[in-house]
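Remarks on the structure that follows.
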Amino acid sequence: MEMGSYLREIEGKLSNDPFFTEKISGGGGGGGGMRRVWVPGPVIVGAGPSGLAAAACLKQRGVPSMLLERSNCIASLWQLKTYDRLRLHLPKQFCELPFMGFPGDFPTYPSKQQFVKYLEDYAERFDIRPRFNEMVAEAEYDRTLGFWRVRSKRGGCRGDETEYVCRWLIVATGENAEAVVPEFDGMTEFGGSIKHTSLYKSGEEFRGKKVLVVGCGNSGMEVCLDLCEHSASPSLVVRDTVHVLPREMLGRSTFGLSMWLLKWFPIRLVDGFLLMVSRLMLGDTARFGLDRPIMGPLRLKNMSGKTPVLDVGTLAKIKTGHIKIRPSIKRLKRQAVEFVDGRIERFDSIILATGYRSNVPSWLKEGEMFGKKDGLPRRPFPNGWKGENGLYAVGFTKRGLLGASMDAKRIAEDIERCWKAEAKLSTPTTLSPPST
């Protein structure tokens, strides 16, 4: 069918239906074929906090969007892959999404359950209705037609595929889409349980057991504390240097105090101040096996994205010996671990607090905006939110929810300009989908 006749055929439908759906005949045996859905506004991939923020910012500017989510709920990382005791590590005022604060009766550091409730209320307030169980398999810009083609599989089913056609694509799958699970020699020999923190809920199942936690970031430190509180015996593998700071200092949150000081002083002086106060409050962490990096905590965060650990009680357990520090793993043995210093120690279980990574390279067919290796925008903050041909990224700043909110506002403003310009200059048919 020629483009002109195709556009005329659907023009009437588009005038009444914001999301036009066409069935494309499938080849072969009994599958239902693939549908093509024309989306007049952006397609957003990922219904975590970043995707919700982008959808809300667009809606506030009168731009419709379609939000695709591979799981069966919003914020699936928070709801399905976090431990029970988790709280926001930063005060709530630094974790708000655009246009809606936290309830006044929420504590300074909301719990996991409270944060999920906040996100659900946020989606309801802005009438954000993601399409759940939509696994995006591939997204590619069609240069001939000037549109993005986003192909998804509903529930992972091969026979139920949809191709969304859109002018703008917003990648909101974030830095934490897939768990990082390292390989160790002898993993098949170990015999005990080995699980990533994405599968860890509570220390109750490890009561009375010796557990090795690999990774000394905020999650690893907090899991160790949780294990102690459930009468387990944790050891912590520290493979690298790490900054440990008090969660609060001088009566204020460390993060909030840092942001305030940076308004008046260069980052080098603020880093020096944070390290001085931390030493007074926590002591010399190197004495307990936690060597600090040469670069200060804020500069290191800006340069590499490595977040300092905000201590919530773990360091006290390390000082008393309830949590033992161990070096890198050389190999695993039957119910035991051999470390690089030659020590061999028995453990019942291993928990991998080894973080997450972006999965963008696995589905986005694009080579300019995102790095192939790490799946993060190539351009550093604050310029990584916009690519070419209507491609955007939200939630990849390594600056948490505050950075995601900043990106969401920029993206909505940028798309609104195009939206209004095309609405003024175009007839309805120019916003219609390409022919098959």
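The values are calculated or read from the model by the stated rules, or taken from the named source; none is laboratory data. It should be emphasised that the depicted structure is a prediction, and the values quoted were computed from it without experimental measurement. Cβ: placed from backbone, ideal geometry, glycine included. Neighbour counts: every protein chain shown. Surface areas here come from the heavy atoms of the whole protein model, side chains and all, with no ligands, DNA or RNA. Shrake-Rupley method; radii C 1.70, N 1.55, O 1.52, S 1.80 Å.
Only one of these conditions is not met by S328: (1) surrounded by fewer than 17 Cβ atoms within 10 Å (Cβ to Cβ); (2) within 23 Å of P380 (Cα to Cα); (3) under 29 Å from the mean Cα position of the chain (by Cα). Which number is it?
(2)
Please pick out the residue among S349, S304 that is polar (S, T, N, Q), closer than 23 Å to A179 by Cβ and open to solvent by 40 Å² or more (accessible area, probe 1.4 Å).
Step by step, each of S349, S304 is checked, and only S304 is polar (S, T, N, Q), closer than 23 Å to A179 by Cβ and open to solvent by 40 Å² or more (accessible area, probe 1.4 Å).
Cβ contacts < 9 Å: first residue buried (at least 19 other Cβ atoms within 10 Å of the Cβ), restricted to region 68-79; second residue modelled with pLDDT of 95 or more and among the acidic types (D, E), any location; separation 6+ or different chain. Result?
Pairs that qualify, where the first residue is buried (at least 19 other Cβ atoms within 10 Å of the Cβ) and the partner is modelled with pLDDT of 95 or more and among the acidic types (D, E), are I74/E120; A75/E120.
Would you be able to say whether some residue in region 341-354 is of a type outside the set (D, E, K, R) and at pLDDT below 90?
no
I'd like the full set of residues that are at pLDDT 90 or above, touching a helix residue (DSSP H, G or I) at 6+ places or on another chain (Cβ under 7 Å) and assigned to a strand (DSSP E or B), limited to region 19-76.
Residues satisfying the conditions are I44, L67.
Can L280 be described as farther than 12 Å from V242 by Cβ and either more than 29 Å from the chain's Cα centre (by Cα) or touching a residue at least 40 places away in the same chain (Cβ under 8 Å) (or both)?
Yes: the conditions hold for L280.
Among the residues of region 159-187, write down those that are open to solvent by 40 Å² or more (accessible area, probe 1.4 Å) and part of a strand (DSSP E or B).
Within region 159-187, E178 is the sole residue that qualifies.
Would you call P130 within 23 Å of the chain's Cα centre (by Cα) and over 30 Å from E248 (Cβ atoms)?
Yes, satisfied.
Can you run down the residue pairs with Cβ atoms below 7 Å, 6 or more apart or on separate chains, where the first is in region 332-347 and closer than 14 Å to K210 by Cα and the partner is of a type in the set (V, I, T) and not in a loop (DSSP other than H, G, I, E, B)?
Note: pairs meeting the criteria are A336/I344; V337/I329; E345/V337; F347/V211; F347/V337.
Checking N359 against (1) in contact (Cβ under 8 Å) with a residue 24 or more places away in the chain; (2) of a type outside the set (K, R); (3) out of contact with any helix residue (DSSP H, G or I) (no Cβ under 8 Å at 6 or more places or on another chain); (4) farther than 30 Å from K398 by Cα, which single condition isn't satisfied?
Condition not satisfied by N359: (4).
Condition first: surrounded by fewer than 16 Cβ atoms within 10 Å (Cβ to Cβ) and among the hydrophobic types (A, V, I, L, M, F, W, C). Now tell me which residues in region 87-99 satisfy that.
Within region 87-99, just F99 meets the criteria.
So is L119 over 16 Å from L67 (Cα atoms) and either within 18 Å of the chain's Cα centre (by Cα) or open to solvent by 50 Å² or more (accessible area, probe 1.4 Å) (or both) or not?
Criteria not met by L119.
So which residues in region 175-197 are closer than 23 Å to W78 by Cα and either without any contact (Cβ under 8 Å) to a residue 12 or more places away in the chain or not small (G, A, S) (or both), if there are any at all?
The answer is E175, N176, E178, V180, V181, P182, I194, K195, H196, T197.
Please state which of the following conditions D142 fails to meet, knowing it meets all the rest: (1) surrounded by fewer than 15 Cβ atoms within 10 Å (Cβ to Cβ); (2) more than 29 Å from E388 (Cβ to Cβ).
(2)
Quick one: which residue in S405, S432 is modelled with pLDDT under 85, among the small types (G, A, S), open to solvent by less than 30 Å² (accessible area, probe 1.4 Å) and in contact with a helix residue (DSSP H, G or I) (Cβ under 9 Å, 6 or more places away or on another chain)? First the steps, then the outcome.
Numbers: S405 fails: modelled with pLDDT under 85.
Just one listed residue meets the conditions, S432.
Go through region 188-233 and give me each residue that's touching a His at 6+ places or on another chain (Cβ under 8 Å) and either surrounded by 23 or more Cβ atoms within 10 Å (Cβ to Cβ) or not hydroxyl-bearing (S, T, Y) (or both).
Of everything in region 188-233, those that are touching a His at 6+ places or on another chain (Cβ under 8 Å) and either surrounded by 23 or more Cβ atoms within 10 Å (Cβ to Cβ) or not hydroxyl-bearing (S, T, Y) (or both) turn out to be G203, E204, F206, R207, N218, C228.
Could you grab me the full set of residues in region 188-204 that are in a helix (DSSP H, G or I) and over 18 Å from I323 (Cα atoms)?
Residues satisfying the conditions are S198, L199.
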